[in-house]
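Notes for the one structure printed next.
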Amino acid sequence: MKRIFWLVLCLSALPTIQAQYRLSEKGTGLLHLEKHQVTFNLLGPGFRYEIGLLRNVTASISFSPGLATYQEGYTFGYAWHTRIRYYHNIQKRLDANKNVTGNSANYLAPARSIFWGKLQLSQNMAPDKDFAVAFYGGVYGIQRTNKKGFTYNIEGGYGYYRGDGVLNGHGPLLNFTFGWVATKRRKQQADFGISY
């Protein structure tokens with residue numbers, strides 16, 4: 001089941017990836033996204049690293065709090081998150097004269113999050129806290145960064161939970177972070193050249 005999910009996801013992304021390679025930019029680098037972005041969380045210590053891959057695609061890893069809930073129960077605490085983000089409304093935000101620096105846009109992402117029992121702040125799944133749960137699914141997120149570098153990220157999704165020490169299942173995932181971008185952000189530009 002998991003292999004079929006990833007196969008369908010990869011095949012559906014091929015037209016988007018092919019279209020990305022047909023784009024040409026003025027200058028070098030990514031069109032709107034940051035090449036590298038390091039964020040330190042201020043609520044619930046943690047961090048996120050995001051690297052620009054294609055025109056509207058980034059890969060990110062983070063260690064931050066998250067909430068997982070499914071048939072077996074819930075767990076809230078620290079998790080290791082990995083995402084491949086597709087930012088879908090960057091041009092729309094630019095057309096409306098809104099900020100896109102610091103990857104300020106909405107995104108869709110295949111997601112994986114791993115929760116370890118000993119790092120959980122609250123849970124009702126295993127009394128001895130000797131468990132691990134991995135989330136595999138999709139999320140929708142909103143990320144905004146202001147001129148001073150303060151940023152917030154809210155995402156929610158649904159997927160399959162694979163348990164170690166607890167049962168498998170499916171259910172939602174929620175994640176919220178508030179932090180500060182430590183890397184230099186590019187300035188917003190009004191003129192980008194795109195050819196198809």
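Bear in mind these aren't lab numbers, they're just calculated from the coordinates by the rules spelled out. Not measured: the values here are computed from a predicted model. Note: ideal-geometry Cβ built from the backbone for every residue, glycine included; neighbour counts use all protein chains shown.
If TYR140 satisfies every condition in (1) surrounded by fewer than 19 Cβ atoms within 10 Å (Cβ to Cβ); (2) without any contact (Cβ under 8 Å) to a residue 60 or more places away in the chain; (3) not in a strand (DSSP E or B) but one, which is the exception?
(3)
Return the pairs, sorted by first residue and then second, in which the second residue is part of a helix (DSSP H, G or I) and of a type in the set (Gly, Ala, Ser), the first residue lies in the range 80-97 and is without any contact (Cβ under 8 Å) to a residue 40 or more places away in the chain and surrounded by 21 or more Cβ atoms within 10 Å (Cβ to Cβ), the beta carbons are less than 7 Å apart, and the residues are 6+ apart or on different chains.
none
Collect the residues in the range 98-155 that are among the basic types (Lys, Arg) and within 17 Å of GLY73 (Cα to Cα), keeping them in residue-number order.
LYS118, LYS129
When residues of the range 157-173 are filtered for being assigned to a strand (DSSP E or B) and either surrounded by fewer than 15 Cβ atoms within 10 Å (Cβ to Cβ) or of a type in the set (Phe, Trp, Tyr) (or both), how many remain?
5
Mind listing whichever residues of the range 114-130 are more than 20 Å from ASN41 (Cα to Cα), within 24 Å of the chain's Cα centre (by Cα) and not polar (S, T, N, Q)?
GLY117, LYS118
For the range 118-128, state whether one or more residues are without any contact (Cβ under 8 Å) to a residue 24 or more places away in the chain, farther than 18 Å from THR177 by Cβ, part of a strand (DSSP E or B) and in contact with a Lys or Arg (Cβ under 9 Å, 6 or more places away or on another chain).
Yes, there is a match, as at least one residue in the range 118-128 is without any contact (Cβ under 8 Å) to a residue 24 or more places away in the chain, farther than 18 Å from THR177 by Cβ, part of a strand (DSSP E or B) and in contact with a Lys or Arg (Cβ under 9 Å, 6 or more places away or on another chain).
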